[in-house]
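Report on the following structure.
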There are 2 protein chains.
Amino acid sequence: MQTELSTQLGVEHAVFGFTPFPAVAAAISRAGGFGVLGAVRYTAPDDLRRDLDWIEAHVDGKPYGLDVVMPAKKVEGVSEADVEAMIPEGHRDFVRDTLAKYGVPELAEGEAAGWRITGWMEQVARSQLDVAFDYPIRLLANALGSPPPDVVSRAHEHGVLVAALAGSARHARKHQQAGIDIVVAQGYEAGGHTGEIASMVLTPEVVEAVDPLPVLAAGGIGSGRQAAAALALGAQGVWLGSVWLTTAEADLHSPALTRKLLAAGSGDTVRSRALTGKPARQLRTEWTDAWDDPQGPGTLPMPLQGLLVAEAVSRIQKHEVDPLLGTPVGQIVGRMNEVRSVQAVFDDLTRGFEQAVDRVNRVAGRSGQ
Amino acid sequence: MQTELSTQLGVEHAVFGFTPFPAVAAAISRAGGFGVLGAVRYTAPDDLRRDLDWIEAHVDGKPYGLDVVMPAKKVEGVSEADVEAMIPEGHRDFVRDTLAKYGVPELAEGEAAGWRITGWMEQVARSQLDVAFDYPIRLLANALGSPPPDVVSRAHEHGVLVAALAGSARHARKHQQAGIDIVVAQGYEAGGHTGEIASMVLTPEVVEAVDPLPVLAAGGIGSGRQAAAALALGAQGVWLGSVWLTTAEADLHSPALTRKLLAAGSGDTVRSRALTGKPARQLRTEWTDAWDDPQGPGTLPMPLQGLLVAEAVSRIQKHEVDPLLGTPVGQIVGRMNEVRSVQAVFDDLTRGFEQAVDRVNRVAGRSGQ
């Protein structure tokens, strides 16, 4: 599965794997794809340094990248406490009451309350970049808008390609104007923050909008036939996130969550503002239902919602409170039905891709395949 | 673009075109695809007979089919008046007030109030079938669930294949158990009634669920690269509806509506219950916004909503009241930017398909294409 972009990056297959787990990222790169480590959970630069050291030691010299969360808009002159004060008391009561209703225990003294997407993440992301550029990363992806111009320049000085996620052609063109190198077209069916436009429509639209920039298709891809479809749509590669969550190398720290992912069907996700205040696809749970219920208080805008629920989500995850337990994941969760190694997922993907190419050639009457 | 199904039906390309317009259906079949005439708007059997006669005279002996709307559930012992009486007065007021707000004129004396999906459509559909089986139709599709067993048998006695739309694998398996021959997997991005699962995920899921039944992919398809993607996903053909609405042969009776379709982007549709009470993708308008507004009365369940708004929708269409004017259409509307002949759409589709196959072969390293 070779495109100009995969050749440029020196990988065997144009398969980009986004994951928060260093062991998964390294395994993806070792398998011939391109592992991208999600950095959002690293609040301390030294933790990131430790995990990049680990990847370096386990990636067999194969290329890999980093995904940061750097908001396009800066928030200046407003403290986190100022924003906390903007959260209505009724919403805090709703969180408290919902946790009480399900008997969710407190966190232990000193336990971290989990990551949260705030307007202050740029500082965190910049400190991550100070670390990352010490390593031979080949790609820097940003999950929230285009990175600031100085970050794009700095990446280019280090020979690092810059990618950004887009849910519409308009959004993709803004990235192009910001000088980024690769657009990840994130379809409606994808896990995490998504727009309304499905991959079948979004991918070719973005490909045409930013031509000649390479586009990676994200959303709904977990098999070789889906990869072949994305490449037929004009993508230069596929960007997979969800499918790695149930690999043997992933470390969800929650057997209950792994069970829920393995059991879920493609209809068991919801695009909800419950997690961050912006629509993000995730497992549908009684927690998302409570936030999406018209009888409830409703969600707050980003970054308020993320601040409001950060501790609650950590408590739910830590104590594996089943009816409330969820995670960002795409509709492809319906095909994640057993724990497999990253290599096994990869083998399936490349074999399925070849079969899909055979099928398309038969349909096209090109029998000499 | 040849599959087992297209060979079985004797068409050159596995492209199925659904349309309410006889001229479009005939042109699709003449171009080498398979035209499927939507029968929902024919309340008088003689009107259907007249249009099937027209198709027979213009299809050059090529095969074609018919799409009916036959609800799976019968409603017995309840009259249309009984159901009308179930509509709350507040909802009638809301319709009246909204029409008044936009100054929507009345229909002229004797003008029909448009079609509506009700529990009584089975009688209408059966009278349509009595007509249809006098013609050499090759396919009978049903847009609402599986057709009743006697209808399936009758079709098979006439050598007519039966297709049914499904928005989930579970739904598709029910069709298979009902003895239908073809499943149309209708993705989230499609126009009209849709589920939540996007084509990229839905198509392979349905293909595996009903194997060895042939599956047609619907939703998001309007170009050759999208057709190639659908075939890579395992479909035996593609089912296109929206893309024909802006062809030269289509007769929308509304230049304003055609203009809106040509101008709309892929983000300008909404999946709303405003039209029938079930979620159906359509142009987003101030009419759908009014029904989807949490401050409004909200929509009623099928068949109440359809009965409630039938006359209002006819008035809006008849008088081309721009802010309220809409139609069922899929996200592919973003690529419908000029009026073209059916043949031109077809030529683009087949050329784009060949290019997409070339692209996929290059990616797969099969250079001898």
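The values are calculated or read from the model by the stated rules, or taken from the named source; none is laboratory data. It should be emphasised that the depicted structure is a prediction, and the values quoted were computed from it without experimental measurement. Here the Cβ is made from the backbone with ideal geometry for all residues, glycine too, and neighbour counts use every protein chain on show. Accessible surface is based on the protein model in full, side chains and every heavy atom, while ligands, DNA and RNA are left aside. Shrake-Rupley method; radii C 1.70, N 1.55, O 1.52, S 1.80 Å.
For the stretch A:182-233, what are the residues that are in contact with a Pro (Cβ under 8 Å, 6 or more places away or on another chain), at the interface with chain B (Cβ under 7 Å from one of its Cβ atoms) and open to solvent by 10 Å² or more (accessible area, probe 1.4 Å)?
Matches in the stretch A:182-233: A:SER223, A:ARG225.
Can you name the residue in the stretch A:46-72 that is more than 22 Å from A:LEU165 (Cβ to Cβ) and assigned to a loop (DSSP other than H, G, I, E, B) and, of all such residues, is least open to solvent (accessible area, probe 1.4 Å)?
Here the answer is A:VAL59.
Got a sec? Which helices (runs of 4 or more DSSP H) wholly within the stretch A:285-369 have at least 3 residues that are closer than 23 Å to A:GLY103 by Cα and either open to solvent by 30 Å² or more (accessible area, probe 1.4 Å) or within 12 Å of chain B (Cβ to nearest Cβ) (or both)?
By residue number, A:286-292, A:304-318.
Results for (1) without any contact (Cβ under 8 Å) to a residue 40 or more places away in the chain; (2) in the same structural domain as B:GLU84 (by TED's automatic domain parsing); (3) β-branched (Val, Ile, Thr), shown as yes or no for each residue.
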| site | (1), (2), (3) |
| --- | --- |
| B:PRO303 | no, yes, no |
| B:GLY306 | no, yes, no |
| B:GLU311 | no, yes, no |
| B:LYS318 | no, yes, no |
| B:ILE332 | no, no, yes |
| B:ASN337 | no, no, no |
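Could you grab the pairs with beta carbons closer than 7 Å, sequence gap of 6+ or different chains, first residue in the stretch A:155-172 and in the same structural domain as A:LEU5 (by TED's automatic domain parsing), second one open to solvent by 30 Å² or more (accessible area, probe 1.4 Å)?
Taking only residues 6 or more apart or on different chains, the pairs are A:VAL160/A:ARG138; A:LEU161/A:ARG138; A:LEU161/A:ASP181; A:VAL162/A:ASP181; A:ALA163/A:ASP181; A:LEU165/A:ALA143; A:SER168/B:GLY267.
Residues of the stretch A:234-243 being within 10 Å of chain B (Cβ to nearest Cβ) and aliphatic (A, V, I, L, M), which ones? Show your work before the answer.
Our first condition is that a residue be within 10 Å of chain B (Cβ to nearest Cβ); within the stretch A:234-243, this holds for A:234-237.
Correct list: A:ALA235 only.
Name the single residue, out of those in the stretch A:234-251 being of a type in the set (Gly, Ala, Ser) and farther than 16 Å from A:GLU4 by Cα, that is most open to solvent (accessible area, probe 1.4 Å).
This residue is A:ALA248.
Within the stretch B:194-279, considering only helices (runs of 4 or more DSSP H) that don't extend past its boundaries, which have at least 3 residues that are more than 27 Å from A:ALA172 (Cβ to Cβ) and assigned by TED's automatic domain parsing to the domain that holds B:ILE28?
Values: elements: B:199-210, B:224-232, B:255-263.
Here the list reads B:199-210.
Which one of A:TRP120, A:TRP115 is of a type in the set (Phe, Trp, Tyr), open to solvent by less than 80 Å² (accessible area, probe 1.4 Å) and at pLDDT below 90?
A:TRP120
Answer yes or no: is there a residue in the stretch A:205-223 that is farther than 27 Å from B:LEU202 by Cβ and at pLDDT below 95.
No, the conditions are met nowhere in the stretch A:205-223.
Just to check your reading of the model, which residue among A:LEU144, A:LEU129 is at pLDDT below 95, among the aliphatic types (A, V, I, L, M) and open to solvent by less than 20 Å² (accessible area, probe 1.4 Å)?
Result: A:LEU129 is the single residue among A:LEU144, A:LEU129 that is at pLDDT below 95, among the aliphatic types (A, V, I, L, M) and open to solvent by less than 20 Å² (accessible area, probe 1.4 Å).
Among the residues of the stretch B:1-21, write down those that are crowded, with 24+ Cβ neighbours inside 10 Å and not aromatic (Phe, Trp, Tyr).
B:MET1, B:VAL11, B:ALA14, B:VAL15, B:GLY17, B:THR19
Which of the residues that make up the stretch B:1-34 are in contact with a Pro (Cβ under 8 Å, 6 or more places away or on another chain) and either among the polar types (S, T, N, Q) or not in a helix (DSSP H, G or I) (or both)?
B:THR3, B:GLY10, B:VAL11, B:SER29, B:PHE34
Against the definition (buried (at least 16 other Cβ atoms within 10 Å of the Cβ) and part of a loop (DSSP other than H, G, I, E, B)), how does B:ILE137 come out, yes or no?
Taking the combined requirement at face value, the residue satisfies it.
Is there a residue in the stretch A:242-262 that is within 22 Å of B:GLU196 (Cβ to Cβ) and out of contact with any helix residue (DSSP H, G or I) (no Cβ under 9 Å at 6 or more places or on another chain)?
Within the stretch A:242-262, none of the residues are within 22 Å of B:GLU196 (Cβ to Cβ) and out of contact with any helix residue (DSSP H, G or I) (no Cβ under 9 Å at 6 or more places or on another chain).
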